[in-house]
Amino acid sequence: MRVLVANHPLIAHKLTYLRDKETDSPTFRRLADELVTLLAYEATREVRVEPKDIVTPVAPTTGIKLSNPKPLVVPVLRAGLGMLDGMVRLLPSAEVGFLGMQRDEQTLQAITYANRLPDVLTGRQCYVLDPMLATGGTLAMAIRYLAERGADDITAVTLLSAPEGIEAVADELADLTIPITLVTGAVDERLNEHGYIVPGLGDAGDRLYGVVD
């Protein structure tokens, strides 16, 4: 698995305010949206394209367009929804699927509870959106889920990652032969005993949408 840490001062600036516990939900959503657009620029650097002949007001030329089949953007519910607009802003022609996963707070294992994806993803490039790569269980399961349905190039986009999570995903998916890339805004220090990223930013879903009891 290839790991790309987006080292940019604007990303670091926005992450600082995302981390601040005083940042309210509306501001958090706006900052997350802006941050994902910056990360999406890096994540789509190798999106598949093909030539397209056009005529400008001056002369004929050849440009490029996104190849078919179109890329598939997959936010992991619910927190991944907060990243969707920022991603499709750069990929407006992409299709969108949804994958519902949550972490069992006792076992720290991921559980799938919803799937709104095509049954067959043969030949598709997929972009998985999940704000936090903590223990790695959710992201690893999501990537394998897509790969088993035929996706042949998968990029995960996260706001923050923990070293333990990166290692766990790489180990869990070591048997896959397709290209897998992780694009993240930062790699933090570690996980705590509850499986949260330190220093992190708390529960991304709760900070985006409020606490759900």
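The values are calculated or read from the model by the stated rules, or taken from the named source; none is laboratory data. Worth saying up front: this structure is predicted, and the values here are computed from it rather than measured. All Cβ positions, even for glycine, are placed from backbone atoms using ideal geometry, and neighbour counts span all protein chains on display. Protein only, heavy atoms only, side chains kept; ligands, DNA and RNA dropped before computing areas. Shrake-Rupley method; radii C 1.70, N 1.55, O 1.52, S 1.80 Å.
Rounded to the nearest Hz, the phi-derived 3J(HN,Hα) couplings of the stretch 68-83 under the Karplus curve 6.51 cos²θ - 1.76 cosθ + 1.60 (θ = phi - 60°) are 9, x, 5, x, 10, 9, 10, x, 8, 5, 9, 4, x, 4, x, 9, where x marks glycine and proline. Calculated mean residue ellipticity, 222 nm, the chain: -9500 deg cm²/dmol, from DSSP H runs (n ≥ 4) at -39500 (n - 2.57) each, averaged per residue and rounded to 500. Taking every DSSP beta bridge that has both ends in the stretch 1-128, the antiparallel portion is near 65%. Accessible surface for the chain, divided over its residues, is 51 Å² per residue with a 1.4 Å probe.
Angle between the Cα long axis of helix 163-172 and the longest principal axis of the chain, 0 to 90 degrees, nearest 10? Roughly 60 degrees, rounded to the nearest 10. GNM on the chain, alpha-carbon springs under 10 angstrom: the most fluctuating residue among R29, R78, R116 is R116. Relative to the dominant Cα principal axis of the chain, helix 9-19 is inclined by about 40°. The aspartates and glutamates within cross-link reach of K65, meaning a Cα-to-Cα straight distance under 16 Å and a gap of 8 or more places when in the same chain, are E46, E50, D53, E95. When you filter the GluC sites (Glu not before Pro) in the stretch 114-213 for DSSP loop state and at most 10 other Cβ atoms inside 10 Å of their Cβ, you are left with E193. Placing +1 on the Cβ of every Lys and Arg and -1 on the Cβ of every Asp and Glu, with no other charges, gives the stretch 119-213 a dipole of roughly 280 debye about its Cα centre. Compare L133, L66, L18 in a GNM of the chain, Cα atoms joined below 10 Å, and give the one with the largest fluctuation. Residue with maximal mean-square fluctuation among L133, L66, L18: L66.
Counting only protein heavy atoms and using a 1.4 Å probe, what share of the accessible area of the stretch 53-208 belongs to carbon plus sulfur, as a whole percent?
Ligands and nucleic acids excluded, carbon and sulfur give 52 percent.
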